[in-house]
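Written below as C-alpha cells is the structure these notes are about.
Throughout, read-outs are computed from the coordinates displayed, never taken from laboratory work. Note that the structure is a prediction, hence the values are computed from the model and not measured. No Cβ is skipped: glycine too gets one built from the backbone with ideal geometry, and neighbour counts run over all protein chains shown.
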Amino acid sequence: MAQEHGERHSGETITSERIEPYGEEKGFVLTTTAQGTDGRLADAHSAYHDNRSPPLGWTPVANAMSYALVVEDPDAPRETPFVHWLAWNIPGDAHELPEAVPHGSDVLGGITQGRNDAGTYGWFGPRPPPGHGVHRYYFQLFALDRRLDMGPDTPLEELVNALKGATLAEGRLMATYEAPTEQ
C-alpha cells in the first residue's frame, strides 16, 4: 500500500516553483510517450530496470535560444528534492529529446548534462526506496533567451540562478513511480 507524502519527504520546492518566466508565452506543453494513462513512468526508465532516459517532446517557444531541463523527485526521503537529470544548452530549434540520451556532456548538438544526485552525468532513473510508496517526478523544461556558459559540474543552485534571468517560458510534466514489489 502506498504511503502518503509526509515528513519522510523533502520539504523543499521544485525548481520551476522558484522561476518566473518573463516571456509573453509563459508556458508550453511538455509530453512523453513513456508514461501510462495513470501517470506511471514505464519500467525501462527506472534505475531498477534499464535506466534509459524517457523521450520528451514539447511545443516550440518563439525566440528560444536554448532549453534547460531539470528533473526532480520532491518525495525523496531527504531535505531537498532528488535531482535525476540536469541538462542545458538544448538547441533552441529543438522540440524533442530522444529516448536513451547518452550520458556525459556535449552530446546531441552540444547539450551539457550536469551531475545528478546519484553522482553521474545525465539521466538517473527513478529508484524510490522499497516500501516508500509512490514518488512524483517533475520534468521541468525552461525555454531560455540565451545559451548558458556553465560546465557539467555546475550545481543546481547556480543553474537556478542563471534560469531566473533567462527563462522565457516553462513546461512541466509529472510522472510517478513506485519501487517494484518482490515476488
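By how many nm would the segment from H49 to H95 grow when fully extended, if each residue of separation counts as 0.36 nm and the alpha-carbon distance is taken off?
13.9 nm
When the chain is described by a simple charge dipole with +1 on each Lys and Arg Cβ and -1 on each Asp and Glu Cβ, the residue from F142, P126, A179 located farthest towards its positive end is F142.
So for segment 15-167, averaging the separation of alpha carbon pairs under 8 Å that are six or more residues apart and normalising by length, what relative contact order in percent results? Each step should come with its number before you reach the end.
Details: 310 pairs, mean separation 42.3, N = 153.
For segment 15-167, the relative contact order is 28 percent.
Using a Debye calculation, one point per C-alpha and no hydration shell, please list log10 I(q)/I(0) for the chain at q = 0.09, 0.10 Å⁻¹ in order. The computed values of log10 I(q)/I(0) come out as -0.29, -0.36.
For the chain, the longest principal axis of the C-alpha atoms and the axis of helix 156-166 are separated by about 40°.
Compute the signed sum of charges (Lys and Arg +1, Asp and Glu -1) over the other residues within less than 13 Å, Cβ to Cβ, of Y138.
Details: positive: R18, R136, R172; negative: E12, E17, E72, D73, D75, E170.
Summing Lys/Arg as +1 and Asp/Glu as -1 gives -3.
In percent, rounded to a whole number, the relative contact order of segment 77-183 is 29, using alpha-carbon pairs under 8 Å and six or more apart.
Here the dipole of the chain is about 120 debye; that uses its Cα centre as origin and unit charges on the Cβ of Lys and Arg (positive) and Asp and Glu (negative).
Here the 3J(HN,Hα) profile of segment 47-58, calculated from phi with Karplus coefficients 6.51, -1.76 and 1.60 at θ = phi - 60°, is 6, 6, 10, 7, 6, 8, 5, x, x, 10, x, 8 Hz, Gly and Pro shown as x. Across all directions, the average flat footprint of the convex hull enclosing the Cα atoms of segment 142-183 is 4.9 nm².
From the square roots a ≥ b ≥ c of the eigenvalues of the alpha-carbon gyration tensor of segment 90-183, which class results: rounded (a/c under 1.5), prolate (a/b over b/c), or oblate?
On the way: a/c = 1.93, a/b = 1.77, b/c = 1.09.
Prolate shape, in that a/c is at least 1.5 and a/b is the bigger ratio.
Highest mobility in the GNM of the chain, judged by mean-square fluctuation with C-alpha springs under 10 Å and restricted to Q35, Q113, Q140, is found for Q35.
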